[in-house]
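Below is one structure, written out as structure tokens; comments come after it.
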Amino acid sequence: MRVFLSFLLVTCALQAQPGTVKSHILPNGLKVLIQEDHGIPNVAMYLFFKIGARNERPGTTGVSHFFEHMMFNGAKKYGPKQFDNEMEKAGGNNNAYTSPDLTVYTDWFPSTALELMFDMEADRMQNLAFDPKIIESERGVVYSERRTSVDNSNSGILFEQMRAAAFTAHPYHWPVVGWPSDIEGWTMEDLRSHYKTGYAPNNCVLVVVGDVTEQQVMALTKKYLEAIPQQPPPPVVRTKEPEQLGERRVIVRKQAQLPVQLIGYHVPDSRDADATVLEVIDALLTSGQSSRLYSRMVDKDQIALNVGAQVSRSLDPGLFVFSMTPRSGIDPARTEKVLFEEIEKLRTAPVPDAELQKAKNQLLARQYRQLKTISGRANLLGTYEIYRGDYNKLFTSDKDIEAVTAADIRRVATKYFSEKNRTVATLIPEVK
Amino acid sequence: MKKLTLILCSVFALHAAEVRLPKYTREVLPNGVVVYLMPKPGVPLVNFRILVKGGLEADPNGMSGLSAVTAQLLRSGTARRTAEQFSAELDGLGGTFLATSNEQYTVIASEFLRKDLATGLDLTADALLHASFPESEVKKVLSRSIDGARAMKDNPQAAIGQYFKPFFYGVAHPYGRPVDEASLGRLTRDGIVAFAGRMNVGRNMTVIVAGDFDAAPALEGLRKTFGAAPAGTAYPWAAEAKPVAGARLLLIDKPDATQTYFRIAQPGISRTDPDRTSLQLINTLFGGRFTSLLNDALRVSSGLTYGANSIMDLHREPGAITISTYTRTETTGKAMDMALDVLKRLNKDGISAEQLASAKAYVKGTYPTQALETSDQLATMLGDIEVFGLNKGEVDDLFSRIDALTLERANELIRKHLKPEGLTFVVLGNASKIRDVVKKYAPTVKEVKATEPGFGN
């Protein structure tokens, strides 16, 4: 009963929030979400642009990510280096990330810098400069990022190869950072057309959380962002990944101390009702040392150094990916076999109630921890708005999780975790 | 049910001109345990942070990893719970439990929902005070840690940090002993049990509770659990130690690397150095933010790397000030020259009034989200105050310390602490392609292969 009670408490806390988020849509299509929080004198301002690697094509792969970098390299009012210089001088800092679906700009700053941030964001949203010299320099930076996160990272390179094999037709086939030849090859024209469609206000969700008032934010939004014209949205991604008809295998040979394994299954997009069931399955299998895969593979059998799973939010059908590092002297065939055995158990036997409740509690507590900071809340609000179609779904996510049954787990595991639907990628150490 | 506006209502009213640590109490239990309580109504979560003085510096020479492995084993079986039961109970509450060790202490950080305070405290105290270290669990954790040390070589950025330790500090220094296959191989259950028995005692422990909880019942719970621990004796800090450092270069050969990772270091300061705030501010300008001198030169202006920074260690003993970056194999010399040039120019020309003002605003503006926003951040600060013998002025007077730094003093500190000579280099990459390029940087060069066991120690 204790376990069940703690679940209820989280539920209450999530429900306490909806009234505090204010939502507006400007005539030019810009969506604005605001949550006041005066706990610290700071603000998290996130801009989600609905353009990412899925909107690219062969020859320009990685251009969304490259653009994420270019947005810091000068516009009309604030020239090269000025965005960062002015922001840091005002006590703020920033970052940005690109995913297969989105390009997101994350600004953190004292509330005294609010107007400056609107001015600078508006400047780069409508008047970005395209200086050929800076483009060449930034190409080097992005290539360095690729070398670090992919070429010199065992799990990075294996992930890239696994996705490329799992997706044969859909743009999720290529890496967010781009293929090396495309990084070397983008043209000015590629960049301009990407900017025009991707960075229009109607393609953006602006989230402001922190030491602000709704009136303040809306006045600045109108002053700086209302006049930016809307644009035709990025073309619809027409290609659908055809059904996988048999297991695919990928081998990467590389100098390494230990092998790495990634096993991906095709799963539906984040708006599908099964997405929540898959999250619960992830928790059951890999969250905490009592989870099924950790306790069997890392602890009891001692065949893996670590085991994890990742079910990324995605606008189009994506992948549920298991990752494992077999211990030294352990044949990857053995870890793989054990993983498949555990998956088979999900398909054949109902999950006991207490275990299911534990997984649900973990998911809720995890979500709750993300609400501790203004940046965590800004990120969650934007993510729910885009991936679930409505930020309010954040406040009912507890009910979605609560509704998952043992029968759902069995049905979903049977539907997606089949031999035919998987791609198995293994990095095998090579001794030079 | 509280409204979120209430939940998040601040207990420390902040103005841009100052920051304040929220109210807390400190008391010492009869057995020596120091207890900090910081009840802070808000998100209904409560954090426990237990510090045991010692950490890496208490690892005997040749037995590095003892404090870390002991910490890791705390949850693997206690007088009342098997490892499995502990995990099931913790996960069932949606709680977290992390145990690790750093240069000066072992830290256990756990977090639970407000309503689970009593169970959370019971779990946390049970692990720390009644761990039974079953032989089978000890074997498992040791063997896994040995594989973990080996697997670290597959991550160049993590690996270079390990190679750096013995080369910069020397193995006689407590910070100069990396955890490797050999040192882990020397650890035994008897040694672990003895270490835990000696270290996890009243006079050596600080218990911090921060978050949304009621002080009175929490204190009563702490008295019954931690208050009942044997008093023991406080860990005697190690004698003062100095890094070997000096003008030398270590080259680690990783033939399949397509980029070179390098560090350039010199001796720095300790966590309690009177100049720490000023030097952190200077380091922010040098290599601690996106527009820093290093990142501007190596990334923004030249595209040689994805990122270049300078890290200033702040431990009990003086640490290192380290330039750290990477670049493609072909531009190794260019990037190293450029990093050195930035350092030389800073040392020679100093900074401007405008740069100093910008760094001051940056450090002040980012501080609340980095140190004061969540209960776990605040608990970390209270722990530092206790272990390093600081006081609440560490936070409350921060802005006035920042304001007090003059341009003249800043440039004096730069000349004193950021020197362009006598530097220690650690370089990891494809040696056949960079050996001749890097040898010019130091009078003595040592070369090791990444495939050899250990970290060049």
(message) Can you work out the Karplus-derived ³J(HN,Hα) for every residue in region B:80-90? Use 6.51 cos²θ - 1.76 cosθ + 1.60 with θ = phi - 60°, whole Hz, and x for glycine or proline.
(response) 10, 9, 7, 4, 5, 5, 4, 5, 5, 5, 4
(message) Assuming a strict under-14 Å limit between Cα atoms, what lysine pair count do you get for region B:343-443 once near-sequence pairs (fewer than 8 apart, same chain) are dropped?
(response) 4
(message) Leaving ligands and nucleic acids out of the surface, order A:Trp174, A:Trp179 by accessible area at 1.4 Å, largest first.
(response) A:Trp179, A:Trp174
(message) Helix B:332-349 against the longest principal axis of chain B: what's the angle in degrees, Cα atoms only, rounded to the nearest 10?
(response) 80
(request) Kindly tabulate the residues in region B:90-127 with an accessible-area decrease of at least 30 Å² between the chain alone and the assembly of all protein chains, using a probe of 1.4 Å. (result) B:Asp91, B:Gly92, B:Leu93, B:Gly94, B:Glu111, B:Leu113, B:Lys115
(message) Could you tell me the calculated FRET efficiency between B:Ala228 and B:Asp436, based on Cβ-Cβ distance and R0 = 56 angstrom, to the nearest 0.05?
(response) 0.30
(request) Apply the Karplus parameterisation 6.51 cos²θ - 1.76 cosθ + 1.60, with θ equal to phi minus 60°, to every residue of region A:358-367 and state each ³J(HN,Hα) to the nearest whole Hz, in sequence, with x for glycine and proline. (result) 4, 4, 5, 4, 5, 4, 5, 5, 5, 4
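When the accessible area of region A:389-432 is split by element with a 1.4 Å probe, what percent falls to carbon and sulfur?
Details: 1080 of 2010 Å².
Reported share for carbon and sulfur atoms: 54 percent.
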(request) Please name the residues of region A:129-177 whose accessible area, counted over protein heavy atoms with a 1.4 angstrom probe, falls by no less than 20 Å² between the chain alone and the full protein assembly. (result) A:Ser137, A:Val141, A:Ser144, A:Glu145, A:Arg147, A:Thr148, A:Asn152, A:Asn154
(request) Between A:Glu430 and A:Lys240, take the C-beta separation as r, use R0 = 45 Å, and let me know the FRET efficiency to the nearest 0.05. (result) 0.75
(request) Return the sequence-ordered ³J(HN,Hα) values of region B:365-376 in whole Hz as given by the Karplus equation 6.51 cos²θ - 1.76 cosθ + 1.60 applied to θ = phi - 60°, using x for Gly and Pro. (result) x, 8, 4, x, 6, 8, 10, 10, 7, 10, 5, 5
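Filter the cross-link list A:Lys360/B:Lys40; A:Lys360/B:Lys115; A:Lys31/A:Lys81; A:Lys50/A:Lys133 down to pairs whose alpha-carbon distance in this structure exceeds 19 Å. Intermediate results must be reported in sequence, preceding the final value.
Details: A:Lys360/B:Lys40 27 Å; A:Lys360/B:Lys115 17 Å; A:Lys31/A:Lys81 28 Å; A:Lys50/A:Lys133 28 Å.
Too far apart for the 19 Å limit: A:Lys360/B:Lys40; A:Lys31/A:Lys81; A:Lys50/A:Lys133.
Probe radius 1.4 Å, ligands and nucleic acids left out: which of A:Glu243, B:Glu57, A:Glu86 has the largest accessible area, and how do the rest follow?
A:Glu243, A:Glu86, B:Glu57
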(request) Report the antiparallel proportion of the DSSP beta bridges in chain B as a percent, rounded to a multiple of 5. (result) 70
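Taking all pairs of distinct Cα atoms, average 1/r, flip it, and tell me the Kirkwood hydrodynamic radius of region B:260-304 in Å to one decimal place. Don't jump to the answer; show the numbers that get you there.
Working: mean 1/r = 0.0836 Å⁻¹.
Here the Kirkwood hydrodynamic radius works out to 12.0 Å.
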(request) Give me the accessible area buried between chains A and B, both sides summed, with a 1.4 Å probe, in Å² rounded to the nearest 100. (result) 6100
(message) Tell me the angle of helix A:132-146 to the major Cα principal axis of chain A, expressed in degrees between 0 and 90 and rounded to the nearest ten.
(response) 20
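So what is the orientation-averaged projected area of the protein assembly as shown, using the convex hull of its C-alpha atoms, in nm²?
33.3
Within the P(r) computed for region B:223-358, what percentage of the Cα pairs occupies the region above 17 Å? Mind showing how you got there, number by number?
Working: 6160 of 9180 pairs.
Percentage above 17 Å: 67.
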(request) Give the long-range amide H neighbours of A:Val250: residues separated by 5 or more places, or on another chain, with amide H under 5 Å away, using H modelled in the peptide plane at 1.01 Å from N. (result) A:Val424, A:Ala425, A:Thr426
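Out of the GluC sites (Glu not before Pro) in region B:145-245, which ones are loop residues according to DSSP with at most 11 other C-beta atoms within 10 Å?
On the way: sites: B:Glu181, B:Glu220, B:Glu240; in loops: B:Glu240.
Here the sparse-neighbourhood loop sites are B:Glu240.
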(request) Give me the angle, in degrees from 0 to 90, between the Cα long axis of helix A:2-15 and the longest principal axis of the Cα atoms of chain A, rounded to the nearest 10. (result) 20
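Return the carbon/sulfur percentage of the accessible area of chain B, one whole number, probe 1.4 Å, all protein chains in place.
Numbers: 9220 of 17250 Å².
The C+S portion of the solvent-accessible surface of chain B is 53 percent.
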(request) Just report the Cα centroid separation between region B:216-239 and region A:258-281, whole Å. (result) 45
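Under a 1.4 Å probe, what is the accessible area of chain A per residue, stated in Å²?
Details: 15820 Å² over 432 residues.
For chain A, the per-residue accessible area is 37 Å².
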(request) Considering only lysines 8 or more places apart in sequence, or on different chains, count the pairs in region B:148-267 whose C-alpha atoms sit under 26 Å apart. (result) 4
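Please list A:Lys77, A:Lys393 from largest to smallest accessible area, probe radius 1.4 Å, with all protein chains kept in place. Could you put the intermediate results ahead of the total?
Numbers: A:Lys77 125, A:Lys393 85 Å².
Accessible-area ranking of A:Lys77, A:Lys393, largest first: A:Lys77, A:Lys393.
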(message) Under 5 Å between amide hydrogens, which residues at least 5 positions from B:Thr272 or on another chain qualify, with H placed 1.01 Å from N in the peptide plane?
(response) none
(request) Kindly rank B:311-324, A:331-344, A:348-361 from highest to lowest mean number of other beta carbons found within 10 Å of each residue. (result) B:311-324, A:348-361, A:331-344
(request) Quick one: accessible surface of A:Lys420, probe radius 1.4 Å, all protein chains present, in square angstrom to the nearest 10. (result) 100
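The values are calculated or read from the model by the stated rules, or taken from the named source; none is laboratory data. Every value quoted in this text rests on a predicted model; they were computed, and no experiment measured them. Virtual Cβ from ideal backbone geometry, glycine too; neighbours counted across all protein chains shown. Only protein heavy atoms, including side chains, enter the accessible area calculation; ligands, DNA and RNA are left aside. Shrake-Rupley method; radii C 1.70, N 1.55, O 1.52, S 1.80 Å.
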